[in-house]
2 protein chains.
Amino acid sequence: MTTTAPETTTRMRSEERRALVLEAATRVFGERGYHGATTDAVARAAGVSQPYVVRMFGTKEAMFLAVLDRAVERMMDAFRAAVAESADAPEGIGRCIATNYVELLSDRGLLLSLMQAFMLGADPVIGPEARACMRKVYVFLREEAGMAPDEAHEFLATGMMLNTLVGLRMADDYEREPAVRELLDEVFPTKLEFLLSLRDRES
Amino acid sequence: MTTTAPETTTRMRSEERRALVLEAATRVFGERGYHGATTDAVARAAGVSQPYVVRMFGTKEAMFLAVLDRAVERMMDAFRAAVAESADAPEGIGRCIATNYVELLSDRGLLLSLMQAFMLGADPVIGPEARACMRKVYVFLREEAGMAPDEAHEFLATGMMLNTLVGLRMADDYEREPAVRELLDEVFPTKLEFLLSLRDRES
DNA sequence: GGCATTTGTAATCATTCGATTACTTCTAAA
DNA sequence: TTTAGAAGTAATCGAATGATTACAAATGCC
């Protein structure tokens, strides 16, 4: 017991570890933004050392791009699943996607990382990649989900607002501020308890 | 000519200089976000030294809060003006505010700084202040602009989307990407040439 | 004109952070 | 069993950055 215990170091395959780090990075980037996130915070969130996460992706920038790519792919997966479901669903496809969209919020940071990227359009590397993400989503809504331009527009607008309210942590003021309660009741008519449950499991 | 020329150092009253620095800070924070912006970048954008901007606000955080405060006040001013105009205007009050809103985009960074703050809801200092900004806007729409909850909701959603598309610099791809052209034509039906002109005077 | 106040800068400090290097430990194949 | 490669860390480095200090120069007031 004089020497430090082996601590049951769970050793993983690099792919498995990479997935873990990507998930942690998604949470950290979503919460603090690209510049506010540190590789050390990602490392601690993933339970590995800081040099390891840097070497895993080469640079912090490459790591963020990997997070972005994963986020948009997962979002498209959820959307595709919603389209498949909506084939024999009474409600419109928009409502169906929207339901899956709100549930994407449970993947902490996924939508927020995307939003954080959307705010960095001026960045020479991240900007073009972020625009490509937005394009992918729009083209999906138009061509795969079969929405008209104005439907896609409205859908995107609602999505941006949901993202913003989550990024703001507006639910923190739900009980204290009547105006906030009214707004959230309006914006999340059916999914409010879900949103509040998300809030209550914060670090 | 051997000694360095006096360079016509325009000396200002502190209030005037403060306004100049705040405007520069708004641009820099809007473009790079709170963490990505440096006090040095703000100083250079304002044409003063870095220690000066720090001492002017005490800390970078206080400077960002000052930017936030100015931004939300200017937005409310524009909204109030729109409400006054709409008293004897045929189109609805929503459309009238929306017009003024788009024109707020010409104050480079103002809406983007707000959006950047909205994405930092987890920050212990910036978060509460950002939520207060959002509350102010919502309460204004409900009580002063006389909107119903669902009208305010839709208005906010459209605003978030406009902000996001501007932050993304989506207009950069207007000519190159047909999908982007379609989206922007839909979202900015009357104000497109205005948006494109904004894009064309970038640093 | 003298002088206190305000406006502003140069130099520099301490910290943080991304990245690098060198090393250890575990695993699997021959 | 040996050993090559993969998984992972400790230590540390250099650059960037927010902040501080000390100082210079312009302004206004008596």
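The values are calculated or read from the model by the stated rules, or taken from the named source; none is laboratory data. Everything numeric in this text was worked out from a predicted model, so none of it was measured. All Cβ positions, glycine included, derive from the backbone under ideal geometry; neighbour counts span all protein chains shown. Note: accessible area is taken over every heavy atom of the protein model, side chains too, but ligands, DNA and RNA are not part of it. Shrake-Rupley method; radii C 1.70, N 1.55, O 1.52, S 1.80 Å.
Annotations
- Alpha carbon centroid spacing (whole Å) that separates region A:178-195 from region B:131-203: 23
- The A and B chains share an interface that buries close to 3900 Å² of accessible area, total over both sides, probe 1.4 Å.
- Computed over Cα pairs, the Kirkwood radius of region B:14-168 leads via Stokes-Einstein (1.002 mPa s, 20 °C) to a diffusion coefficient of 133 µm² per second.
- Relative contact order (%) - criterion: Cα under 8 Å, at least six apart; region: chain B: 17
- Principal-axis analysis of the Cα atoms of chain B puts helix B:60-86 at an angle of about 40° to the longest axis.
- Calculated accessible area for the protein assembly as shown comes out at 48 Å² per residue, all protein chains present (probe 1.4 Å; ligands, DNA, RNA ignored).
- Calculated FRET value between B:S197 and A:R201, using beta carbons and R₀ = 51 Å, to 0.05: 0.65
- Dipole of chain A [Lys/Arg +1, Asp/Glu -1 at C-beta], most positive-end residue of A:A98, A:P124, A:T59: A:T59
- Between B:D69 and B:E144, the distance separating the two model label sites (each 7 Å from Cα on the Cα→Cβ line) works out to 1.7 nm.
- All Cα pairs of the protein assembly as shown, percent lying beyond 37 Å: 25
- 7 Å along Cα→Cβ, label-point gaps from A:V125 to other copies, nm, shortest first: 2.9
- Portion, in percent, of the accessible area of region B:1-104 that falls on carbon or sulfur, probe 1.4 Å: 51
- Where labels lie 7 Å past Cα in the beta-carbon direction, separation of A:R55 and A:D40 in nm: 1.9
- In a simple Cβ point-charge model (Lys, Arg +1; Asp, Glu -1; nothing else charged), chain B has a dipole of about 960 debye relative to its Cα centre.
- Taking the longest Cα principal axis of chain B as reference, the axis of helix B:14-36 is set at about 70 degrees.
- When B:P149 is represented by a point 7 angstrom out along its Cα-to-C-beta vector, the spacings to that point in the other copies are 3.4 nm, nearest first.
- Ratio Rg/Rh [Cα only; Rh per Kirkwood] for region B:120-196: 1.09
- 0 to 90° range, to nearest 10: angle between helix A:149-168 axis and chain A longest Cα axis: 40
- Charge dipole of the protein assembly as shown (Cα centre as origin; +1 on each Lys and Arg Cβ, -1 on each Asp and Glu Cβ, all else neutral): 1780 debye, rounded to the nearest 20.
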